[in-house]
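Chemist: Right, I'll just put the structure down here and ask away after.
The values are calculated or read from the model by the stated rules, or taken from the named source; none is laboratory data. Since this is a predicted model, take the numbers as computed values, not measurements. FYI the Cβ positions are ideal-geometry reconstructions off the backbone, even for glycines, and counts take in every protein chain you see.
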Amino acid sequence: MIWLVFAIVAWFLVSIWYLRGEDLAALDEPALPLPGSPPSEAHHAVVARLGEFSRSNQARRGKARLQVIRGYLDSLSDGREFGASFEPAAGPVRGEWVQAPGADSRRRLLYLHGGAWFAGSPKSHRAITDRLARLTGAAVLALDYRLLPEHRRRDGIEDSREAWRWILDHGPCGAEAADSVVVAGDSAGGSLALGLLAWIRDEGLRQANAAVVFSPSTDLTLSSPSLRSNLASDPMLGPAFGALARIPALLLLWATWYGNRLPPSHPDISPLRGDLAGLPPILIQVSEQEMLLDDARRYTAKARRAGSPVTLQSWPHMVHVWQMFTPELPEAEAAYKAVARFLAGVGVPVAEELPA
């Protein structure tokens, strides 16, 4: 019996100290007030479409569910009219170059798509990369990094690092030094982007001029309060991951370790848990009703305490990564205008005329 008690205590301590790490509740801020005005009618339509897909996919499991999710995300680009061109990237990096007319190939942006590390592609996120290409006038490299479960989590991380080394000296026309480079990403890709910034600093490489992340995942210990408090108000992540809320937290930590072969508290997969000093200007946009709200707020608070310049913009009502639904969502267009103002404010050229 005493050995059983010892084993249970040891399991608990390993779960807390090794897998979860430091308690970051001191970074939390008071709950935000409920929105005082409704979202646009277009947002209601987006939520309805997401609900239809979620209900239609509930019965599927395993590989069948995975393939349907991947296909659905890619289909979000079907039938859209884009102002930019899309060309496969040459060389050792998989992905596509996205360029608006008149793009300056010496100005570049590395985009890391979301999709919970197991879905998404350059095609699925063309609405975002097209919009960023037109907004910045830069050549946008949408990286096709390796996904779970066919590959390890580290493979996707290594792909983002290799892409950074390459994009500094290669553009869409071949070898050419960059005048400026921005890193951007959403959700899981936002996690990759923030982790990449810390790695660039630690490697002593040329740092990004700025970073822009939409609704990033920053902490896979799953300890952010909004993961539970915003479960019912998140029409995208709530139905997809709501079942996880019924699983004991310690079991989730071990499941995350098994899936990633890294402790959830490791900075490579939880950038919030790393050293956040010495980072470039970062813009984070997040919905006040989504489950990842406190991932963004905690990251911002810790980075600011470390002296890094982080701008956090929170938007009421919006679905997770609402910037993908452009131009139909006026709130998405407003978000891109805010991106342009941020970039211009930190010295990164933009192509679109900003409102007075």
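Chemist: How many residues does the range 31-88 contain that are more than 23 Å from Leu147 (Cβ to Cβ) and not in a loop (DSSP other than H, G, I, E, B)?
Modeler: So the answer is 13.
Chemist: May I ask you to list the residues in the range 76-128 that are among the acidic types (Asp, Glu), free of Cβ contacts under 8 Å to residues at least 24 places away in the same chain and more than 25 Å from Leu66 (Cβ to Cβ)? Spell out the reasoning first.
Modeler: Filtering the range 76-128 for residues among the acidic types (Asp, Glu) gives 78, 81, 87, 96, 104.
Now narrow it down to the ones that are free of Cβ contacts under 8 Å to residues at least 24 places away in the same chain: 78, 81.
Glu81 - this is the single residue of the range 76-128 that is among the acidic types (Asp, Glu), free of Cβ contacts under 8 Å to residues at least 24 places away in the same chain and more than 25 Å from Leu66 (Cβ to Cβ).
Chemist: Residue by residue through the range 269-291, note down the ones that are assigned to a loop (DSSP other than H, G, I, E, B), within 22 Å of Phe241 (Cα to Cα) and touching a helix residue (DSSP H, G or I) at 6+ places or on another chain (Cβ under 7 Å).
Modeler: Result: Ile269, Glu290, Met291.
Chemist: If you go through the range 304-323 one residue at a time, do you hit one that is assigned to a helix (DSSP H, G or I) and within 23 Å of Arg134 (Cα to Cα)? Lay out the reasoning, then the answer.
Modeler: Initial filter on the range 304-323 (assigned to a helix (DSSP H, G or I)): 304-305, 322-323.
Those still in the list that are within 23 Å of Arg134 (Cα to Cα) too: 322-323.
Yes, some residue in the range 304-323 is assigned to a helix (DSSP H, G or I) and within 23 Å of Arg134 (Cα to Cα).
Chemist: Could you check Leu222 against (1) modelled with pLDDT of 90 or more; (2) in a loop (DSSP other than H, G, I, E, B) and say which number it fails?
Modeler: The failed condition is (1).
Chemist: Now, a different point. Against the condition touching a strand residue (DSSP E or B) at 6+ places or on another chain (Cβ under 7 Å) and of a type in the set (A, V, I, L, M), how does Leu147 come out, does it pass?
Modeler: On the way: touching a strand residue (DSSP E or B) at 6+ places or on another chain (Cβ under 7 Å): no; of a type in the set (A, V, I, L, M): yes.
Against the criterion (touching a strand residue (DSSP E or B) at 6+ places or on another chain (Cβ under 7 Å) and of a type in the set (A, V, I, L, M)), Leu147 does not qualify.
Chemist: Hey, any hits in the range 340-354 for a residue that's hydrophobic (A, V, I, L, M, F, W, C), closer than 25 Å to Asp234 by Cα and either over 14 Å from the mean Cα position of the chain (by Cα) or part of a loop (DSSP other than H, G, I, E, B) (or both)?
Modeler: We begin by selecting, within the range 340-354, every residue hydrophobic (A, V, I, L, M, F, W, C); these are 340, 342-344, 346, 348, 350-351, 354.
Pick out the ones that are also closer than 25 Å to Asp234 by Cα and you get none.
No: zero hits.
Chemist: Also: Does Thr311 fit the bill of being under 15 Å from the mean Cα position of the chain (by Cα), over 21 Å from His43 (Cβ atoms) and among the polar types (S, T, N, Q)? Let's see the steps before the verdict.
Modeler: Numbers: under 15 Å from the mean Cα position of the chain (by Cα): no; over 21 Å from His43 (Cβ atoms): yes; among the polar types (S, T, N, Q): yes.
It is false that Thr311 is under 15 Å from the mean Cα position of the chain (by Cα), over 21 Å from His43 (Cβ atoms) and among the polar types (S, T, N, Q).
Chemist: Among the residues that make up the range 186-208, is at least one of them at positive phi, surrounded by fewer than 21 Cβ atoms within 10 Å (Cβ to Cβ) and either assigned to a loop (DSSP other than H, G, I, E, B) or in contact with a strand residue (DSSP E or B) (Cβ under 6 Å, 6 or more places away or on another chain) (or both)?
Modeler: Yes, the conditions are met somewhere in the range 186-208.
Chemist: Moving on. Exactly one of (1) in contact with a helix residue (DSSP H, G or I) (Cβ under 8 Å, 6 or more places away or on another chain); (2) farther than 25 Å from Glu158 by Cβ; (3) in a loop (DSSP other than H, G, I, E, B); (4) not hydroxyl-bearing (Ser, Thr, Tyr) is unmet by Ala335. Its number?
Modeler: So the condition that Ala335 fails would be (3).
Chemist: I would also like to ask the following. Pull up the range 64-75, narrow it to residues that are aliphatic (A, V, I, L, M) and touching a residue at least 24 places away in the same chain (Cβ under 8 Å), then point me to the one that is farthest from Val47 (Cα to Cα).
Modeler: Initially, the range 64-75 is screened for residues aliphatic (A, V, I, L, M), giving 64, 66, 68-69, 73.
Going one step further and asking which of them are touching a residue at least 24 places away in the same chain (Cβ under 8 Å), we end up with 66, 69, 73.
Numbers: Leu66: 21, Ile69: 16, Leu73: 15 Å.
Top of the filtered list is Leu66.
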